[in-house]
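The structure appears right after this line, and notes come after that.
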Amino acid sequence: MTSSSHLFPLHPRDPAQAHRAASPLELFFDLVFVVAVSFSSQQLHHQAAEGHLGSGVLGYLMVFFAIWWAWMNFTWFASAFDTDDWLYRVLTIVQMAGVLVLAAGAADAMHQHDFTLVTIGYIVMRLALVVQWLRAASGDPALRQTAARYAAGITFVQILWVARLFLPEQINFIAFFVLVAAEIAVPIWAEAHRRTPWHPQHIAERYSLFTLILLGESILASANAVVTAVDEHQHIPDLLTVSAAGLAIAAGMWWVYFSREQHDQLTGLHSGLVFGYSHYFIFAAAGAFSAGIELIIDSAAGHAEASPLAATGLLTVPVAVFIFGIWMLALRRRMRPAASGTLLVGVVVILAGMLLPPLAAVVVAAVGSVVAVVAVQLRAPSTEAVTA
């Protein structure tokens, strides 16, 4: 659809529409998440390099939830409703502005546990989406109650996010996870009345595109190893090894994720929720992997204060979580037992690298990723697939 000076009713789209692809606006929207993910992974890298891996990981997972949840909610809304009139575009751009505010607050949130700026950016994103849900409620009588539930639920939780800023620090921390549960419950409650008509192929494509964004961060991290080697003229063999192994790991993660179509899993509300929510762990792992590569580079160049175990753990654990998560979500029902076993061996090999020196760990992780790729190539053909 094209934008004009007129406003159009926000009617639901056809969930069976042929050749449904991501719109230019959705692709533009994704660009700001490149910034947000980059900022959060950089802060994780800095925290780990300074010897604060535990607090860095926790802060990263908390900030990443805000990034992922805002992206996911827009994605599923846009799959069901997309008039692309001027107001729809403006509200989407407002959400993009909220992402940038959130990204600007990532450092304070992860270093000082000050979530004020992150919360402000998050609320901007969420309230802009509330306006979209109100438009949807007025545009389609059949889905009016579902859309109204979304609008009411999101608004209520945003009020609680603001109230959280004024709580004592210890209660504030606990309240974060309570409100995360509340956010996750809103779509379950709203969709229980009547499911919105999201498009399975479109949703799968949007998740695939976000995966590429996250893996792109790791490609950049691998390139930084070459840049460091050229600039410092030291540790060149080690840094080039990290760069090559990092590229191999990223390629393996890409190969495993895109080894089969995933839209056929999205058959109903339950499968949609499992697919959507499970990707938090997959996406967070992909984002953390780039921080792991950067930390290995620091270790190879002698710049990190982190212990070798912290450096290898930040690299190997995210890669293992990513590959294992995809297997659990999308591959295990379509693979022969021998193929699944081979993939799990690859995951174990990756995790075993955590016990090795940093340079050996990245090489072993690359080997484990290759084993996982071999495994998905051995999966059963679709005619033998066991459907969920």
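The values are calculated or read from the model by the stated rules, or taken from the named source; none is laboratory data. Just so it is clear, the model here is predicted, and its values are computed rather than measured. Cβ placement follows ideal geometry from the backbone for every residue including glycine, while neighbour counts extend to all protein chains displayed. Accessible surface areas use protein heavy atoms only, side chains included; no ligands, DNA or RNA. Shrake-Rupley method; radii C 1.70, N 1.55, O 1.52, S 1.80 Å.
Entry remark, the stretch 106-120: residues being crowded, with 16+ Cβ neighbours inside 10 Å and in contact (Cβ under 8 Å) with a residue 24 or more places away in the chain number 8 in total. Give the residue that is nearest to Ala137 (Cα to Cα), with candidates limited to residues of the stretch 4-42 that are more than 16 Å from the chain's Cα centre (by Cα) and part of a helix (DSSP H, G or I). Ranking the qualifying residues of the stretch 4-42, first place goes to Leu25.
Part of a helix (DSSP H, G or I) and crowded, with 22+ Cβ neighbours inside 10 Å: does that describe Gly59? So Gly59 fits the description; yes. The requirement of being of a type outside the set (A, V, I, L, M, F, W, C), more than 18 Å from the chain's Cα centre (by Cα) and under 21 Å from Gly353 (Cβ atoms) is fulfilled nowhere in the stretch 247-266; no residue meets it.
Of all residues in the stretch 220-233, those that are modelled with pLDDT of 70 or more have Cβ atoms under 9 Å from Cβ atoms of residues that are of a type in the set (Phe, Trp, Tyr), 6 or more apart or on another chain, in Ala221/Phe289. I'd like to check something: does the stretch 39-47 contain any residue that is more than 24 Å from His113 (Cβ to Cβ), open to solvent by less than 50 Å² (accessible area, probe 1.4 Å) and aliphatic (A, V, I, L, M)? So far as the stretch 39-47 goes, no, none of its residues is more than 24 Å from His113 (Cβ to Cβ), open to solvent by less than 50 Å² (accessible area, probe 1.4 Å) and aliphatic (A, V, I, L, M). Of all positions in the stretch 247-254, at least one carries a residue that is over 19 Å from Ala330 (Cα atoms), in contact (Cβ under 8 Å) with a residue 60 or more places away in the chain and open to solvent by 30 Å² or more (accessible area, probe 1.4 Å). Looking at Val364, Val374, just one residue is aliphatic (A, V, I, L, M), modelled with pLDDT of 95 or more and either open to solvent by 60 Å² or more (accessible area, probe 1.4 Å) or not in a helix (DSSP H, G or I) (or both), and that residue is Val374.
Among the residues of the stretch 294-302, is any free of Cβ contacts under 8 Å to residues at least 40 places away in the same chain and under 18 Å from Ile219 (Cβ atoms)? Scanning the stretch 294-302 turns up no residue that is free of Cβ contacts under 8 Å to residues at least 40 places away in the same chain and under 18 Å from Ile219 (Cβ atoms).
Within the stretch 133-173, the set of residues being surrounded by 19 or more Cβ atoms within 10 Å (Cβ to Cβ), under 26 Å from Met62 (Cα atoms) and among the polar types (S, T, N, Q) comprises Gln158 only.
Checked against (1) part of a helix (DSSP H, G or I); (2) under 28 Å from Glu169 (Cα atoms); (3) not charged (D, E, K, R), Ala78 meets all criteria but (2). Total residues in the stretch 143-179 satisfying the condition of being of a type outside the set (Ser, Thr, Tyr) and touching a Pro at 6+ places or on another chain (Cβ under 8 Å): the figure is 1. Scanning the stretch 194-219 for residues that are assigned to a helix (DSSP H, G or I), free of Cβ contacts under 8 Å to residues at least 60 places away in the same chain and not small (Gly, Ala, Ser) turns up Leu212, Ile219. Meeting the requirement of 1 or more residues that are in contact with a strand residue (DSSP E or B) (Cβ under 7 Å, 6 or more places away or on another chain) and of a type outside the set (Asp, Glu), the helices (runs of 4 or more DSSP H) wholly within the stretch 92-193 are 116-139.
Among the residues making up the stretch 343-359, those that are part of a helix (DSSP H, G or I) and open to solvent by 40 Å² or more (accessible area, probe 1.4 Å) are Leu344, Val345, Val348, Val349, Leu351, Ala352, Met354, Leu355, Leu359. Selection within the stretch 1-29: residues that are among the hydroxyl-bearing types (Ser, Thr, Tyr) and surrounded by 11 or more Cβ atoms within 10 Å (Cβ to Cβ). The member of this set that is modelled with the lowest pLDDT is Ser3.
Restricted to the stretch 278-330, and to residues there that are among the polar types (S, T, N, Q) and surrounded by fewer than 20 Cβ atoms within 10 Å (Cβ to Cβ), the residue that is modelled with the lowest pLDDT is Ser307.
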